[in-house]
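J.: Mind having a look at this structure? Questions to follow.
The values are calculated or read from the model by the stated rules, or taken from the named source; none is laboratory data. As the structure is a computational prediction, the values presented were derived from the model and not from experiment. Backbone-built Cβ (ideal geometry, glycine too); neighbour counts: all protein chains shown. Ligands, DNA and RNA are excluded from the accessible area calculation, which covers all protein heavy atoms including side chains. Shrake-Rupley method; radii C 1.70, N 1.55, O 1.52, S 1.80 Å.
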Amino acid sequence: MPQLPAPDYPADVRARLAADAKEIIARYPDSRSALLPLLHLVQSEEGYVTRTGVRFCAEVLELTTAEVTAVSTFYSMYRRKPSGDYQVGVCTNTLCAVMGGDAIFEELKEHLAVGNNETTEDGKVTLEHIECNAACDFAPVVMVNWEFFDNQTPESARQLVDDLRAGRPVEPTRGAPLCTYKETARILAGFPDEREGAVQASGGAGPASLIGLRLAKGETSAARIVSQRGQAAHGDQPHEPSPSEHLSSHDAPQETSASDPEHPAGPAAEEGE
């Protein structure tokens, strides 16, 4: 059955959001460009993008609800159902997974008794696996409301969610102090973080991210020179690998056309020759 039109916000809420929306739209030469921050704005009201939020965005931007829905369902940062105060995302992309991200995700699912994109009964934590956080040098990484918690283990991640649910203070490894998901959404809409010291605490990149820059500036000791395979450390005399050395697939003899008499190398034949 087709759904009835979405209800509107209460008058006082709509007036407040309309004033915020006017400020956001004024930043762009084309009002349609304001859709992404406006979706964060309505998400800050109820913790996810509701049908009422979609209607509001469509009306203030003179779009159809279908156009707004298409955008809100494309980006994973917009929630489509009620979520917790703390969005706990576990990176399960390649490096984080290898370093323990998969184990962390499985541990939290069992510990919280929720699945992917599900929220605990107390409404505190929503768990999800997320794509690369661009923090591979701190793998495995967990994010809470998009703040970094680096070099996690199943044990530390379990303690983290327990602290969040109990209301105990937690501090991100890097970045601003933690705030609720609704507060985070308002900041992502482009409004300043008015908490005292929050902006100053955001800081910069961590040491692991800056090691390449430090090397380029000569701020660290010279890198150790490793001799090529088959050459001695202080000369050009080849050495045979010891039994404890294992040749990689690139070092081992290959049955290629260059070394296999039965498959000599040569120009590819034209079709029909």
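J.: Which members of region 151-177 meet the condition of being in contact with a Ser or Thr (Cβ under 9 Å, 6 or more places away or on another chain), assigned to a helix (DSSP H, G or I) and open to solvent by 60 Å² or more (accessible area, probe 1.4 Å)?
T.: Within region 151-177, just ARG165 meets the criteria.
J.: List the residue pairs whose Cβ atoms are under 7 Å apart, where the first residue sits in region 178-193 and is in a loop (DSSP other than H, G, I, E, B), the second is among the aliphatic types (A, V, I, L, M) and open to solvent by less than 20 Å² (accessible area, probe 1.4 Å), and the two are 6 or more positions apart or on different chains.
T.: Listed pairs, sorted by first residue: LEU178/VAL144; ALA189/ILE24; ALA189/LEU41; GLY190/ILE24; ASP193/ALA176.
J.: Do the conditions hold for GLY84, that is, is it closer than 20 Å to ILE187 by Cα and either over 13 Å from the mean Cα position of the chain (by Cα) or among the acidic types (Asp, Glu) (or both)?
T.: When the stated conditions are applied, GLY84 passes them.
J.: Moving to a separate point now. In region 11-31, what count of residues is obtained for those that are part of a helix (DSSP H, G or I) and exposed (fewer than 13 other Cβ atoms within 10 Å of the Cβ)?
T.: Qualifying residue count for the region: 5.
J.: On the basis of being within 11 Å of the chain's Cα centre (by Cα) and hydrophobic (A, V, I, L, M, F, W, C), does VAL114 make the cut?
T.: No, not satisfied.
J.: List every residue pair whose Cβ atoms sit under 6 Å apart, with the two residues 6 or more apart in sequence or on different chains, where the first one lies in region 135-154 and is over 14 Å from GLY100 (Cβ atoms) and the second, anywhere, is open to solvent by less than 30 Å² (accessible area, probe 1.4 Å) and part of a strand (DSSP E or B).
T.: Cβ pairs passing all conditions: MET143/GLY89; VAL144/VAL88; ASN145/GLN87.
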